[in-house]
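*Asks:* Here it is: the structure, laid out below.
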Amino acid sequence: MAQNSFARFEDKVALISGAANGICRVSAEIIAAEGGIVAAVDYDRETLDDAMQAFAEAGSGPHHAYPANALRQDEVDAVVADVIDRYGKIDILINGVGGSTIIDNSAARADELTMEEWQQVLDFNLSGTFLFCHAVIPQMTKQGGGKIVNFASIAGRGKSASSSSAYAAAKGGIIAFTTKLALEVGPSGINVNAIAPSATLTERIRRHWEGRSAELQERAAAGTPLGRLAEPVDQANVVCFLASSHADFVTGVTIDVTGGA
């Protein structure tokens, strides 16, 4: 029997890190609008409060904000424990913390990176994903299943000329981690997948994009067969597919969401 796509997340509890902005914010709005309960985590308390207002307006279920640092195990464990205590389950984990601009020169060559910058990029992109998976998997195992969606990047395929080798290594690590984790937890009914976006016009990227000349914008768009850069909703739609029951037989996969580039 066909499922109603507009009720994909009815009564599902979705724990989303990096939920205040960008792809994760749009993913949270979709999940809320389709009946889900959003537990939204972000380090930026003010922006998180703004996002929570949008989630409440979009959906009928309860939602809760968790201002927390995804790179601190004590804070991650406390968030997960509170979500379980509050809702009794975690159906979906979306790991959205990461990015290349944690260092000043996000396009630094290997010989330009300091050891501190290398470690900073790896930690920012890998540690939060590991910590949330580490904390959530016991609950998903106990309840007999769940969906985990990680955020890689096309840089993790070695295909981005505009990002550092540290970022490529970190996102390649997410791809490998996703594949291996899927093997580990598949017998417990847990699906683990990832998306690998190309450049996406999130709030941060859009500011730089709008500062470019029309010629540079056209040249960048022409490098994609679909003739444009991704919008956050393009990525969020794939995230929500992987987080839904429509992807029950999909695991260990990283989907390139790049417009064909």
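The values are calculated or read from the model by the stated rules, or taken from the named source; none is laboratory data. In this text, all values refer to a predicted model and were calculated from it rather than measured experimentally. Please note: Cβ atoms are built from the backbone with ideal geometry, for glycine as well, and neighbour counts cover all protein chains shown. Surface areas here come from the heavy atoms of the whole protein model, side chains and all, with no ligands, DNA or RNA. Shrake-Rupley method; radii C 1.70, N 1.55, O 1.52, S 1.80 Å.
*Asks:* Output the 0 to 90 degree angle, nearest 10, between the alpha-carbon long axis of helix 73-87 and the longest principal axis computed from the alpha carbons of the chain.
*Replies:* Between helix and principal axis, roughly 40 degrees.
*Asks:* Then there's this: With a bin width of 5 angstrom, please list the P(r) values of segment 31-148 as percents of all Cα-Cα pairs, from the 0 bin to the one holding the largest distance.
*Replies:* 2, 11, 18, 20, 18, 13, 9, 6, 3, 1, 0
*Asks:* Rounded to the nearest 10 degrees, what's the angle between the helix 165-185 long axis and the longest principal axis of the chain, both from Cα atoms, 0 to 90?
*Replies:* Compared with the principal axis, the helix lies near 30 degrees.
*Asks:* Along the charge dipole of the chain, pointing to its positive end and built from +1/-1 on Cβ of Lys, Arg, Asp and Glu, which listed residue (T178, I94, A56) has its Cα farthest out?
*Replies:* T178
*Asks:* Right, another one. Just in segment 17-120: which trypsin sites (Lys or Arg not before Pro) are loop by DSSP and have at most 12 other Cβ atoms within 10 Å?
*Replies:* Those satisfying the criteria are R109.
*Asks:* Sum up the charges of everything whose Cβ sits under 12 Å from the Cβ of A33, counting Lys and Arg as +1 and Asp and Glu as -1, but leave A33 out. Kindly include the intermediate steps, with their values, before the conclusion.
*Replies:* Details: positive: R8; negative: E10, E29, E34, E57.
So the environment of A33 carries a net charge of -3.
*Asks:* Right, something else. Just the C-alpha atoms of the chain: what Rg/Rh do they give, with Rh taken as the Kirkwood radius? Let's see the in-between values first.
*Replies:* On the way: Rg = 17.7 Å, Rh = 18.5 Å.
Using Cα coordinates only, the ratio equals 0.96.
*Asks:* Still on this structure, please answer the following. Net charge around A110, counting only other residues with Cβ within less than 15 Å of its Cβ (Lys, Arg = +1; Asp, Glu = -1)?
*Replies:* Computed value for this residue: -3.
*Asks:* Give me the angle, in degrees from 0 to 90, between the Cα long axis of helix 232-243 and the longest principal axis of the Cα atoms of the chain, rounded to the nearest 10.
*Replies:* 40 degrees
*Asks:* Is the shape of segment 109-261 rounded, prolate or oblate, going by the alpha carbon gyration tensor and its root eigenvalues a ≥ b ≥ c, with a/c under 1.5 for rounded and a/b larger than b/c for prolate?
*Replies:* On the way: a/c = 2.48, a/b = 1.48, b/c = 1.67.
Cα axes put segment 109-261 in the oblate bin.
*Asks:* Once ligands and nucleic acids are excluded and a 1.4 Å probe is used, how much of T114 is accessible, expressed in Å² to the nearest 10?
*Replies:* Counting only protein heavy atoms, the figure is 70 Å².
*Asks:* Quick one: accessible area per residue over segment 1-118, 1.4 Å probe, rounded to a whole number of Å²?
*Replies:* Numbers: 5790 Å² over 118 residues.
Value for segment 1-118: 49 Å² per residue.
*Asks:* Tell me which lysines have Cα within less than 22 Å of K12's Cα, excluding those fewer than 8 residues away on the same chain?
*Replies:* Answer for K12, where 22 Å is the Cα cut-off: K89, K142, K147, listed by chain and number.
*Asks:* Sorted by accessible area with a 1.4 angstrom probe, largest first, how do K142, K159, K171 fall?
*Replies:* My answer, sorted largest first, is K142, K159, K171.
*Asks:* Summing +1 for each Lys or Arg and -1 for each Asp or Glu, what net charge is found among the other residues whose Cβ lies under 15 Å from the Cβ of L242? If you can, show how the numbers build up before the last one.
*Replies:* Values: positive: R8, K12, K147; negative: E34, D91, D234, D248, D256.
For residues surrounding L242, the net value is -2.
*Asks:* A follow-up question, please. Given charges of +1 on the Cβ of Lys and Arg and -1 on the Cβ of Asp and Glu, with all other atoms neutral, how large is the dipole of the chain about its Cα centre, in debye to the nearest 20?
*Replies:* In total the dipole reaches around 700 debye.
*Asks:* Per the 1.4 Å probe, what fraction of the accessible area of the chain, in percent, lies on carbon and sulfur atoms?
*Replies:* 52 percent
*Asks:* Which residue fluctuates the most in the chain, going by a Gaussian network model with Cα springs under 10 Å, if the choices are A39, A161, A51?
*Replies:* Looking only at A39, A161, A51, the biggest GNM fluctuation is shown by A161.
*Asks:* Ignoring ligands and nucleic acids, what accessible area does D50 show with a 1.4 Å probe (Å², nearest 10)?
*Replies:* My reading of the accessible area for D50 is about 90 Å².
*Asks:* A follow-up question, please. How much mean residue ellipticity at 222 nm does the chain get from its helices, if each DSSP H run of length 4 or more adds -39500 (n - 2.57) and you divide by all residues, to the nearest 500 deg cm²/dmol? Each step should come with its number before you reach the end.
*Replies:* On the way: 9 runs with 115 residues, N = 261.
Taking each H run of at least 4 residues, the total per residue is -14000 deg cm²/dmol.
*Asks:* Let me check something: with ligands and nucleic acids excluded, how do H246, H134 order by accessible area (1.4 Å probe), largest to smallest? Intermediate results must be reported in sequence, preceding the final value.
*Replies:* Working: H246 75, H134 95 Å².
Ranking H246, H134 by accessible area, largest first, yields H134, H246.
*Asks:* Normalised by the residues of the chain, what does the relative contact order come to in percent, with Cα pairs under 8 Å and at least six apart?
*Replies:* Computed over the chain, the figure is 18 percent.
*Asks:* With a 1.4 Å probe and all protein chains kept in place, how do M115, M140 rank by accessible area, largest first?
*Replies:* Solvent-accessible surface, decreasing: M115, M140.
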